[in-house]
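Just below is one structure, and these are the notes that go with it.
Only the coordinates and a few stated rules stand behind these numbers; no lab work does. This structure is a prediction, so every number in the text was calculated from the model and none was measured. Positions of Cβ are backbone-derived with ideal geometry, glycine not excepted, and every protein chain shown enters the neighbour counts.
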Ligand SMILES: Nc1nc2c(ncn2[C@@H]2O[C@H](COP(=O)(O)OP(=O)(O)OP(=O)(O)O)[C@@H](O)[C@H]2O)c(=O)[nH]1
Ligand SMILES: [Mg+2]
């Protein structure tokens, strides 16, 4: 028995259609008091998931709108509980009047994510799938949406259960031997553990490695635009954002703070950071800005290093180049290609394999920048969606699982007794179980009796 929750599922902006969702004990009865079908039996007597046309009224019986409704009885619903959904016009005022009536009938406002939380508690989704729901809703690029959809469909969960199940088999076997020494079960063998451990370890390693890509797809790639003053960094930020996000002037030292913009370039989500131009300066504010520029490069996965191609190279340019090379990926952009070139890029080619000439002001060359970014992060057009870890919680759990498996492997090599190694295996299982939200003990117990039919 859970209390009855209700919420507007379609947000607070006006729209074509608005949906109110109800879940919990009495959801169907309650919806039925608000909604009257145009024909036939009342809503509460309708079959599951069958759309019914009718009218919706407030507490005084005044009809407010006509629309569709359906009911779903437990466990055949998103939350696994009895639910009802009402579809009417997407008017925020209308929706809140209907919601108010539902509150007066005993429903309460659902907390954020509460429907999905109930789905998890009722075993409709595991934790990773529940997280995928949020990722799908928040997706900013096609690849983020595809990744979240595949996680919601269970691709990541299947990969984690594969590792988990391998280890549970190992534990089950082990416990059966310890608990029922008289039973006719294969003796516990070191190689068996060794093979199972190696497999689980390499699978967990691969999973953990997938996090870099998963994070890039979902959260975007931190990308710093770096260079000395006046080369055109803010002009590039504006060109990529599609509007005048940052102030641009012909005065060196215009930008004094870091400015962020989220932009999608070639299907890749970039968290672009425009920085204060690098130079020695007496101005205290600008000095602080330059410190922030340096910090931005340290955190960047991609650095767009910009030079002014129409002016000779200076010591400040060389300093910027040295700094930019600290980022894992760097593209060298020679800006102001609309003006005559003042130096040759030949001498820079050994340090910077990717050099692009462009004009941030006119937009010429921006499409080759897009191509270069897409080539560095090919998931912008990648259609295959291998399961990836996508958030720090998942990474933390996978990390703990891997550490525990590495300890177990080490223990095995130094011939620790099996019951000691299996403490580490158990820890790995707990960590993997945290990924999906599974309980460990019940699983192991169930598997022992299922698989070994000890039955005492
Ligand atoms: N001709 C030409 N001028 C450009 C181009 N890109 C930027 N500029 C000009 O260069 C000047 C400086 O541009 P900004 O974008 O403010 O340069 P910045 O690197 O952000 O400068 P700071 O914020 O001072 O570090 C402005 O007058 C721009 O109009 C370009 O491609 N061609
Ligand atoms: Mg600037």
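Cα centroid distance between the range 307-325 and the range 406-432, in Å? A separation of 53 Å, based on Cα centres. The long axis of helix 155-179 is offset from the longest Cα principal axis of the chain by roughly 50 degrees.
Between the helical axis of 392-413 and the longest alpha-carbon principal axis of the chain there is an angle of about 80 degrees. Taken along the Cα-to-beta-carbon direction at a fixed 7 Å, the label points for residue 49 and residue 251 span 6.4 nm.
At 20 °C and a viscosity of 1.002 mPa s, what translational diffusion coefficient does Stokes-Einstein give for the range 277-356, taking Rh as the Kirkwood radius over Cα pairs? Give it in µm²/s as a whole number. D = 160 µm²/s. Shown here is the pair-distance distribution of the range 182-268: with all Cα-Cα distances grouped in 10 Å bins from zero up to the longest one, the shares run 13, 27, 17, 13, 11, 9, 7, 4, 1 percent. Computed on the chain, with alpha-carbon pairs under 8 angstrom and 6+ residues apart, the relative contact order is 13 percent.
Rounded to the nearest 500, what is the chain's calculated 222 nm mean residue ellipticity when only DSSP H runs of at least 4 contribute -39500 (n - 2.57) each, over all residues?
-15000 deg cm²/dmol
Rounded to the nearest 0.05, what FRET efficiency do residue 367 and residue 319 have when you use their Cβ-Cβ distance and R0 = 35 Å? Display every interim value, and only then the final one.
On the way: r = 30 Å, r/R0 = 0.85.
Rounded to the nearest 0.05, the efficiency is 0.70.
For the chain, take the longest principal axis of its alpha carbons; what is the angle in degrees between that and the long axis of helix 127-138, to the nearest 10 within 0 to 90? In the chain, helix 127-138 runs at an angle near 50 degrees to the longest axis.
Reported value for the range 5-121: 89 Å³ per residue, from the convex hull of its C-alpha atoms.
Using the Stokes-Einstein relation with a Kirkwood hydrodynamic radius computed over Cα pairs, the translational diffusion coefficient of the range 229-380 at 37 °C and a viscosity of 0.692 mPa s comes to 211 µm²/s.
Counted residue by residue at 0.36 nm each, then reduced by the alpha carbon distance between them, the extension gain from residue 198 to residue 406 reaches 74.0 nm. If I model the range 81-136 as equal point scatterers sitting on the Cα atoms and use the Debye formula, what is log10 I(q)/I(0) at q = 0.28, 0.30, 0.31 Å⁻¹? Log10 I(q)/I(0), no solvent term: -1.10, -1.15, -1.19. Just so you know, the averaged projected area of the alpha carbon convex hull for the chain sits at 31.1 nm².
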